[in-house]
1. I'd like the full set of residues that are assigned to a strand (DSSP E or B), within 30 Å of Ala588 (Cα to Cα) and small (Gly, Ala, Ser), limited to region 513-531.
2. Only one of these conditions is not met by Gly457: (1) in contact (Cβ under 8 Å) with a residue 40 or more places away in the chain; (2) of a type outside the set (Val, Ile, Thr); (3) touching a Phe, Trp or Tyr at 6+ places or on another chain (Cβ under 6 Å). Which number is it?
3. Considering each residue of region 608-657, count those that are surrounded by 16 or more Cβ atoms within 10 Å (Cβ to Cβ), over 30 Å from Trp594 (Cα atoms) and aliphatic (A, V, I, L, M), and give that number.
4. Could you please let me know if Ala405 is part of a strand (DSSP E or B), touching a residue at least 60 places away in the same chain (Cβ under 8 Å) and under 30 Å from Ala652 (Cα atoms)?
5. Report whether or not Ser387 is in contact with a Gly (Cβ under 6 Å, 6 or more places away or on another chain), closer than 23 Å to Ile166 by Cα, surrounded by 17 or more Cβ atoms within 10 Å (Cβ to Cβ) and among the hydroxyl-bearing types (Ser, Thr, Tyr).
6. Counting just the residues of region 558-588 that are of a type in the set (Gly, Ala, Ser) and assigned to a strand (DSSP E or B), which one comes out farthest from Gly302 (Cα to Cα)?
7. Among the residues of region 192-211, are any surrounded by fewer than 21 Cβ atoms within 10 Å (Cβ to Cβ), at negative phi and among the polar types (S, T, N, Q)?
8. Which one of these does Ser445 not meet: (1) modelled with pLDDT under 95; (2) closer than 30 Å to Thr205 by Cα?
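The values are calculated or read from the model by the stated rules, or taken from the named source; none is laboratory data. Worth saying up front: this structure is predicted, and the values here are computed from it rather than measured. Here the Cβ positions follow ideal geometry from the backbone for every residue, glycine too, while neighbour counts run over all protein chains shown.
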Amino acid sequence: MLCAVEPPTAAAVPTVEALIRELEPLGVRVIYSSQLVPPQLLAPAPREGRTPLQRVQDALAAHDLELRPIAPNQYVVARLSKEVPQPEPDGPLEEISVYASRYSLEGRDVLEARELTASEIESVPGSHDDALRALRALPGLATNASGRPYIRGSLADDVLVRYDGITLLDPFHLKNFQSLISAIDPAGVDSMEVFSGGFPVRYGTRSGGVIDIHAPTRSAGYENRVGASLISAGASTLGHADEWPLEWSFAIRRSTLDLLEPVEAELGKPQFSDSLGRLRWSTDNGVWSLGWLLLDDRIELGREEGDAEFANATYRDEYLWLARDHEFSPRLGTRVTAVLSSSNRHRTGSLLQPGVSNGSLDARLEFDRVELNNSWRLAPSADTHYSWGVEAAVSNADYLYSRRASYVPAVAAAFNRPASNDLDTQIGTDVVTYAAHGALRKRWSPVEVELGLRFDGQHYSLGGDHTQFSPRLNLRYDRSDRLRLYASVGRFSQAQHVEEWRVEEAQATADSAQVSIHSIAGFSYQPSDATQWGAEIYSKRWTTVAPYFDNRLDPLALLPELGPDRVRIAPARSEASGLELNLRHRLAPKLSTWATLGWARVADDMPEGDVRRSWDQPLALTAGLAWQDSRLDLSAWVGWHRGWPRTELSFATPDDAATEPILLGPRNEQRWKDFLTLDLRGSYTWLRPASEFSLVLEVTNTSNRDNQCCAVLQAAEAPGFFSADTDHWLPVIVNIGFTYRWTGGH
């Protein structure tokens, strides 16, 4: 089993492993097997005048080992022999070489947008104990207070999230309340792949993007961890049994917050917990895997005692999966998975805004799903690769929904709403989904091509039969070892999940599947070992768009469907397009930097013309700086973009009684002030034999900039007149924590 370089440990005599880790701040990544390089393998005395890389080569040679290059600044440790190990047929290097808009979070430098080690996903400034928040370092992703990213203009719900090959449906805590943190503990992550477009046909059901999370593995020994911060506390263990072919990974976490302040003081008392684990039993020809993910939330939210808006919620999501990976030969393999998932969600709340609106809500959802998947891969030669698979699932959802809402006549007229907005409904719906996909990848040096086709079908109890075909093409041309060009075009479909039913409007039948066309072209250039930069242009056109809801004034409302500014959006078509530039550069052996610059536009085709989506980000810049050595890590991240779209809001005054009391401009025609945040992180590690203790301090929005987000409608002192307060995104958030790790075994 190959594994990435792990956190360093101290020893009285330098070990080979310690010398390898000294290469990491230099931008050199070494992959090795713990069986070839066990933690106790000692290094010989160094010769004078040798570079760090030469010292590693000398130490390995003393044990009949060597470094073999596999990519620029990347090596694998192997035995000294003429026999070179063959890559796996479906290995990650081949996939990296063909797909556009793919970012692999598995490198060393904390702030490299394209490569980031799994152990350092935690250390991205502003991640706050959340693996998915590290994704904001990537181009094409727009984020706000939520842990859910918008990928190149798509809705947040349009992003597929997978863990260990298993589809996760809404894997976030504080659902319906900005989804502030994901359910994926960083301790349960080995690496992440992110596709912002042009992804292969094996990924289905979502059309916006893919976040594919890989579970950690260990071929020998164990590593345990305990940690706590102002946000959460948890423990994890990862290891391999000495006497049995058994490997385990387990992480458990619980919030430590009696008072969470995501927007302003005294918001409420959200509590969350999650458990993530996997057991793997190896056999002669493969491995059995048993995994689980459990989420549990208890939420009370309200700005203060007797506040106008208060909400309670309970959520419980459960996933259980069994998988078999089987190798018939080095060239032919298969994976079979069976997944059981269920969810129980209950949300209540009340809204009281004297002189504006009042209402109450009681919403329940029970959801169950059974899913079977079988995928195959065949590599008859080093230049040819086939993959195919089938999928089937049965899902059902039951809803109970009760809403009471009323608005004063002037407010109802201004927002074109009825004065009474009551609804009581009970909906039960189920769906049978099925899919098949196949792809051929062929390489004629220096050209590589992949052609894929996906078929999806659904049978809804409310909506009948739907089918979609999705052809896709990916191309790459290696102009030299330093320069590569690539392009991608494909059709992507997204059928409605039954747990996404728009119960707030008593949806009667399933939507037609969303259909989008992705077109991508770009290049990557590495003029030196220390520098890499690239550019990518993309277009994402939705020819079929499902209706969705948005709030014109206040996206942070605790009970958005009770607000008078709630609007149903049903575009005829939508389009997102943009240009992204990215750069990463190693300034010194321990100092690295990166930056991304993006121009983008995302708009819905409405009867009144093109209307920008609320997360439209026409110009955005992110940049980072990281300094790292064996004990002290310091990093900074700055994000700037044009202000989010907003709807202009003005009011009549008592001196102007002839004017309507509330005047709304066209939706999303204006913008809030530009968004800017500076996030800092520092950690110091005390090293001991086979253990380490780390203290971490991170500060989000260090300058405490008031980044405007929303307007809250209020009744003015004069009867019949109104005003609005401007609200803001995150204030300064300070998170302090510690982590203690210890290792053992062989």
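1. The answer is Gly522, Ser524, Ser528.
2. (1) is the only condition that Gly457 fails.
3. 3
4. Considered against the rule, which asks whether it is part of a strand (DSSP E or B), touching a residue at least 60 places away in the same chain (Cβ under 8 Å) and under 30 Å from Ala652 (Cα atoms), Ala405 comes out as yes.
5. Taking the combined requirement at face value, the residue does not satisfy it.
6. Filtering region 558-588 for residues that are of a type in the set (Gly, Ala, Ser) and assigned to a strand (DSSP E or B), the one farthest from Gly302 (Cα to Cα) comes out as Ala588.
7. Taking every residue of region 192-211 in turn, none turns out to be surrounded by fewer than 21 Cβ atoms within 10 Å (Cβ to Cβ), at negative phi and among the polar types (S, T, N, Q).
8. Only one criterion is unmet by Ser445, namely (2).
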